[in-house]
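Since the structure comes first, as structure tokens, the remarks are kept for the end.
The values are calculated or read from the model by the stated rules, or taken from the named source; none is laboratory data. All values reported here derive from a predicted model rather than from experimental measurement. Positions of Cβ are backbone-derived with ideal geometry, glycine not excepted, and every protein chain shown enters the neighbour counts. Side chains are part of the model used for accessible areas, which takes the heavy atoms of the whole protein and leaves out ligands, DNA and RNA. Shrake-Rupley method; radii C 1.70, N 1.55, O 1.52, S 1.80 Å.
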Amino acid sequence: RFIFENSFDAILLTTPDGGVHRANEAACQLFQMTEEEICDRGRAGLLDPNDERIPLIMKERAIHGKVKAEINFVRKDGSIFPTESTSAIFSDSEGKQWTAIIIRDISPFKAAEEAMRKAKDDANWYATTDFLTGILNRRILLEKIEVEMTRAKRENTTLSLLMLDIDSFKSINDNFGHNAGDLVLQRFADLIFTKLRPYDFVGRYG
């Protein structure tokens, strides 16, 4: 009882059929419901119905008697949140089966993971892409050309390389400003990019 009432993690006392019989204060705060509301909803009313992991988690618990997994739950306002949850089946002194479910909200950790993934993707984009035009930068362009030349030599086949330039580009910058020149470069790159086949690539050399 002391652990149940003072745990920072949400704890539900349930039965294997999905009924919820007790919910601690942490669970009430997590789900934004009273204990009575949580019990009325039952397990099915708390789980995210679109979480495809649920059948596998329930199957594992049925086989081993306990399971630890990531699973999504739903708050009173309908918002879905990720958790790391443990569920174990046990019997009381009269032989009745119960399940204890301990739920830990991992939203902050998932947000941090997503931020790290995005930062990694951004770093990779900046490392490989010309910022202005969105096509490959010079370093990656030369690396890919070298790979293609090696492949062509190995397979004894031909390849085509086009180097394109904009006539009198300096006059565009001089007469209309560098912002106009940037727009021309972007439009030029877009036009080339739309004409590529799936196995072609384009980059900015200079």
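Which numbered condition in (1) among the polar types (S, T, N, Q); (2) open to solvent by less than 50 Å² (accessible area, probe 1.4 Å); (3) at pLDDT below 90 is the only one that Asn124 fails?
Single failed check for Asn124: (2).
If you scan the stretch 9-20, which residues turn out to be surrounded by 12 or more Cβ atoms within 10 Å (Cβ to Cβ) and without any contact (Cβ under 8 Å) to a residue 60 or more places away in the chain?
Hits for the stretch 9-20 are Gly18, Gly19, Val20.
Within the bounds of the stretch 158-174, is there any residue that is assigned to a loop (DSSP other than H, G, I, E, B), open to solvent by 70 Å² or more (accessible area, probe 1.4 Å), touching a helix residue (DSSP H, G or I) at 6+ places or on another chain (Cβ under 6 Å) and modelled with pLDDT under 95? If you could, list the steps in order and put the result at the bottom.
Filtering the stretch 158-174 for residues assigned to a loop (DSSP other than H, G, I, E, B) gives 158-168.
Cutting the leftovers down to open to solvent by 70 Å² or more (accessible area, probe 1.4 Å) gives us 158-165, 167-168.
Then drop every residue that is not touching a helix residue (DSSP H, G or I) at 6+ places or on another chain (Cβ under 6 Å), which leaves 159.
Cutting the leftovers down to modelled with pLDDT under 95 gives us 159.
Yes, the stretch 158-174 has at least one match.
Among (1) open to solvent by 40 Å² or more (accessible area, probe 1.4 Å); (2) under 18 Å from Ala26 (Cβ atoms); (3) touching a residue at least 60 places away in the same chain (Cβ under 8 Å), where does Pro108 come up short?
All conditions pass for Pro108, except number (3).
Does Glu84 satisfy the condition of being among the acidic types (Asp, Glu), closer than 30 Å to Gly19 by Cα, surrounded by 15 or more Cβ atoms within 10 Å (Cβ to Cβ) and without any contact (Cβ under 8 Å) to a residue 40 or more places away in the chain? If you could, list the steps in order and put the result at the bottom.
Numbers: among the acidic types (Asp, Glu): yes; closer than 30 Å to Gly19 by Cα: yes; surrounded by 15 or more Cβ atoms within 10 Å (Cβ to Cβ): yes; without any contact (Cβ under 8 Å) to a residue 40 or more places away in the chain: yes.
Considered against the rule, which asks whether it is among the acidic types (Asp, Glu), closer than 30 Å to Gly19 by Cα, surrounded by 15 or more Cβ atoms within 10 Å (Cβ to Cβ) and without any contact (Cβ under 8 Å) to a residue 40 or more places away in the chain, Glu84 comes out as yes.
For the stretch 62-73, give me each residue that is of a type in the set (A, V, I, L, M, F, W, C), without any contact (Cβ under 8 Å) to a residue 40 or more places away in the chain and either open to solvent by 90 Å² or more (accessible area, probe 1.4 Å) or part of a strand (DSSP E or B) (or both).
If the condition is that a residue be of a type in the set (A, V, I, L, M, F, W, C), without any contact (Cβ under 8 Å) to a residue 40 or more places away in the chain and either open to solvent by 90 Å² or more (accessible area, probe 1.4 Å) or part of a strand (DSSP E or B) (or both), then Ile63, Val67, Ala69, Ile71 are the ones that fit.
State whether the residues of the stretch 173-184 include one that is β-branched (Val, Ile, Thr) and under 26 Å from Asn124 (Cβ atoms).
Within the stretch 173-184, not a single residue is β-branched (Val, Ile, Thr) and under 26 Å from Asn124 (Cβ atoms).
Quick check on the stretch 45-61: of everything there that is exposed (fewer than 13 other Cβ atoms within 10 Å of the Cβ) and part of a helix (DSSP H, G or I), which residue is farthest from the chain's Cα centre (by Cα)?
Going through the qualifying residues, I end up with Lys59.
Which of the following residues is part of a strand (DSSP E or B), among the β-branched types (Val, Ile, Thr) and open to solvent by 40 Å² or more (accessible area, probe 1.4 Å): Ile89, Ile103?
Values: Ile103 fails: open to solvent by 40 Å² or more (accessible area, probe 1.4 Å).
Criteria check complete, one pass: Ile89.
Can you tell me which residue is farthest from Lys66 (Cα to Cα) among those in the stretch 21-44 that are free of Cβ contacts under 8 Å to residues at least 24 places away in the same chain and assigned to a loop (DSSP other than H, G, I, E, B)?
Among them, the one singled out is Thr34.
Return the residues of the stretch 175-206 that are touching a residue at least 12 places away in the same chain (Cβ under 8 Å), open to solvent by 60 Å² or more (accessible area, probe 1.4 Å) and either on the phi > 0 side of the Ramachandran plot or outside any helix (DSSP H, G or I) (or both); say none if nothing qualifies.
If the condition is that a residue be touching a residue at least 12 places away in the same chain (Cβ under 8 Å), open to solvent by 60 Å² or more (accessible area, probe 1.4 Å) and either on the phi > 0 side of the Ramachandran plot or outside any helix (DSSP H, G or I) (or both), then Phe201, Arg204, Tyr205, Gly206 are the ones that fit.
Within the stretch 158-206, track down each residue that is farther than 15 Å from Leu132 by Cα, under 30 Å from the mean Cα position of the chain (by Cα) and aromatic (Phe, Trp, Tyr).
Tyr199, Phe201
Evaluate the stretch 27-44: report whether one residue or more is crowded, with 18+ Cβ neighbours inside 10 Å and closer than 13 Å to Thr99 by Cβ.
Within the stretch 27-44, one or more residues are crowded, with 18+ Cβ neighbours inside 10 Å and closer than 13 Å to Thr99 by Cβ.
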